[in-house]
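Okay, structure first, notes after.
The values are calculated or read from the model by the stated rules, or taken from the named source; none is laboratory data. Since the structure is predicted, the reported quantities are computational estimates derived from the model, not experimental observations. Glycine gets a Cβ as well: all are built from the backbone with ideal geometry, and neighbour counts include every protein chain shown. Heavy atoms of the whole protein, side chains included, go into the accessibility calculation; ligands, DNA and RNA do not. Shrake-Rupley method; radii C 1.70, N 1.55, O 1.52, S 1.80 Å.
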Amino acid sequence: MSAKAQGVRLGTVLAVLCGAVVPGLAAADDRVLDTLQLHGFLSQGWVTTDHNNFFGPSSDGSGSFQYTEIGANASLRPHEDLLFSAQVLSRRAGGDGRDARPKLDHGVVDYQLVSTPGRTLGVQAGRFKNPFGLYNQTRDVPFARPGILLPQSIYFDRARSLAMAADGGSVYWEERLPGGGNLRAQIGAGRAQADDDLEVTLGLDQVDGSIEPRDSVIGQLRYEHDGGRVVAALSAARVKARYERSGASDGDFEFRPWILSLQYNQPEWSLTGEFALRESSMEGLGELGADFDITGESWYLQYNRRFMDNWEWLIRYDSLVTDRSDRSGRDFSAGTNGQIPAHARYAHDWTLGLRWQPHPKVLLGAEYHHVDGTGWLPGEDNPDPADTSRRWNMLLLQMSLRY
C-alpha cells in the first residue's frame, strides 16, 4: 500500500471515530472547549564538521543550516475518558529537502476503558508514536530531548521513519503499585512509516522499486519507582516492509530490535543507559547483492548535570556495531572489494553538550561530537561511502522556541 493510500485509510479511520463523537459534542457543554490545548515549537540548528557531512554540507567551511524543526500540536478532551491528540511536523535534516514537507507526526483517538486511582486501561487508534526506548515518543520536541541529538546508535536519524510511528492501534495498561511504583505496558499493531530514508540506508535508492510497510507489532514494559527516581524499560518490535519491483522479485525486510533501558534521577543529575540488539534481514534481492541477515549491537551511557537553575551539561559515550559477527567491518568491506570502507559498519561517539534555558519558552544548546566510524552517517548527505573519513568531529548549535 502506498503512503498516499495509507493516509487515506488513516483519515477514514479517524473520520469514523470522530463522527461517532461529534454529535455528542454538539450537545455538550461549552466547557469542553476549555480542554482544548494548542502548542508548537520551532528550532533552528547549525552544524559544522571537519570531515563528512551531517544534515547538509556541514564540511564545506561555512557549516550547514539545513537542520530545522517546526511542529504544531493540539489536543481536546470531550470526556474525562476520551482524548483527541495530533501533531503536524515539518523537519529538514539535510538531504534534498523533501522530508521538510509537513506531515502528520501522530494523530490518535485515545479512550480509557478503566480509569481508577490505582489502574488505567486504554486503547488508541490512528497514527500512534511507537513506545521505543526512553525517548522515542517525545524525540521530535527539542525541549524533551536530553541534548540536540539523541544517541544515534539507538535513536538513528538516518532511517528515523522506521521507528517513529505506526498506523493502527495500541492497548496500554498502567498499574500504580502500593510500594510507590508505577508499572505500564503497551502493545501496538499497525504499519510503520517506511519512507525514502530507509531505502537509502538499505542501499536501494538507485534500484527501480519502492518500499512499502507491512503489518508490524511493537511493545514495551516500563517501570517507574518513587516518582521516576528509577526508570526501567524493555522494548521489543517486529517491523516488516516489502521492497516492490515491477517485473522482478520483491524483497522482504524485517527489523527485530530488543532494547533494555535504565535511568536513575536525582534533582541535580541523571544517569541513563540503554542497550539494544538489532536483528535485521532482507530476502529476495539476492541478484542485487542486497540480501542479508545480521544482528547489530547498540549501547550508550549518559550523564546529565543540572546547575544554576537553568543550565545543564551532559557527557555521553555512544557505540554502534552493525554486525556483531564482523565488529570491525573488514569482512563486509572485503565483500564489496573495498568500495564500502570498513568504518561504515560502526561508530563510537564521545559527546559533550551544554544547554541554557533563559526563559521557559527559549532553549539554546551547543554540542560537540568526536566520532570514530561512520555507521550512522546519513547516506543522502554522503552518497559515496568511499569518500568518507573514519575519524571526524562535529559541532552543533541550536535555538529552540515553543508556545
Practice prompt. Can you tell me which residue among Gly71, Gly56, Gly95 is touching a residue at least 40 places away in the same chain (Cβ under 8 Å), open to solvent by less than 30 Å² (accessible area, probe 1.4 Å) and assigned to a strand (DSSP E or B)?
Written response: Gly71
Worksheet item: Applying the selection to the range 264-313, what residues are small (Gly, Ala, Ser) and under 30 Å from Ala248 (Cα atoms)?
Response: Ser280, Ser281, Gly284, Gly286, Gly289, Ala290, Gly296
Worksheet, complete the sentence: If you go through Leu149, Leu204, Leu162, the only one that is under 30 Å from Glu287 (Cα atoms), part of a loop (DSSP other than H, G, I, E, B), open to solvent by less than 20 Å² (accessible area, probe 1.4 Å) and not small (Gly, Ala, Ser) is Leu204
Discussion item. Given the criterion of a type outside the set (Gly, Ala, Ser), in contact (Cβ under 8 Å) with a residue 40 or more places away in the chain and in contact with a Leu (Cβ under 7 Å, 6 or more places away or on another chain), identify the matching residue among Val114, Val109, Val88.
Written reply: Val109
Worksheet item: Can you tell me which residue in the range 373-389 is surrounded by the fewest Cβ atoms within 10 Å (Cβ to Cβ), limited to those that are touching a residue at least 24 places away in the same chain (Cβ under 8 Å) and outside any loop (DSSP other than H, G, I, E, B)?
Response: Ala386
Worksheet, complete the sentence: Going through the range 166-188 in order, the residues found to be open to solvent by 50 Å² or more (accessible area, probe 1.4 Å), farther than 17 Å from Asp81 by Cβ, in a strand (DSSP E or B) and aliphatic (A, V, I, L, M) are Ile187
Worksheet item: Of the residues Arg214, Arg127, which is surrounded by 19 or more Cβ atoms within 10 Å (Cβ to Cβ), of a type in the set (Lys, Arg) and under 23 Å from Tyr243 (Cβ atoms)?
Response: Arg127
Fill in: Leading residue by the ranking (modelled with the lowest pLDDT) among those in the range 207-228 that are touching a Ser or Thr at 6+ places or on another chain (Cβ under 9 Å) and assigned to a strand (DSSP E or B)
Ser210
Item to complete: Name every residue in the range 98-124 that is open to solvent by 20 Å² or more (accessible area, probe 1.4 Å), part of a strand (DSSP E or B), more than 23 Å from Gly40 (Cα to Cα) and not charged (D, E, K, R), in order of residue number.
Response: Tyr111, Gln112, Leu113, Val114, Ser115, Thr116, Leu121, Val123
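Matching residues to (1) within 21 Å of the chain's Cα centre (by Cα); (2) at negative phi; (3) among the small types (Gly, Ala, Ser):
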{"site": "Tyr317", "(1), (2), (3)": "yes, yes, no"}
{"site": "Arg324", "(1), (2), (3)": "no, yes, no"}
{"site": "Gln339", "(1), (2), (3)": "no, yes, no"}
{"site": "Ala347", "(1), (2), (3)": "yes, yes, yes"}
{"site": "Gly365", "(1), (2), (3)": "yes, yes, yes"}
Fill in: Scan of the range 341-356 for residues that are closer than 17 Å to Leu202 by Cα and either open to solvent by 50 Å² or more (accessible area, probe 1.4 Å) or outside any strand (DSSP E or B) (or both), ordered by number
Pro341, Ala342, His343, Ala344, Arg345
Worksheet, complete the sentence: When the range 260-310 is checked residue by residue, the ones that are closer than 29 Å to Val230 by Cα, surrounded by fewer than 17 Cβ atoms within 10 Å (Cβ to Cβ) and of a type in the set (Asp, Glu) are Glu268, Glu279, Asp309
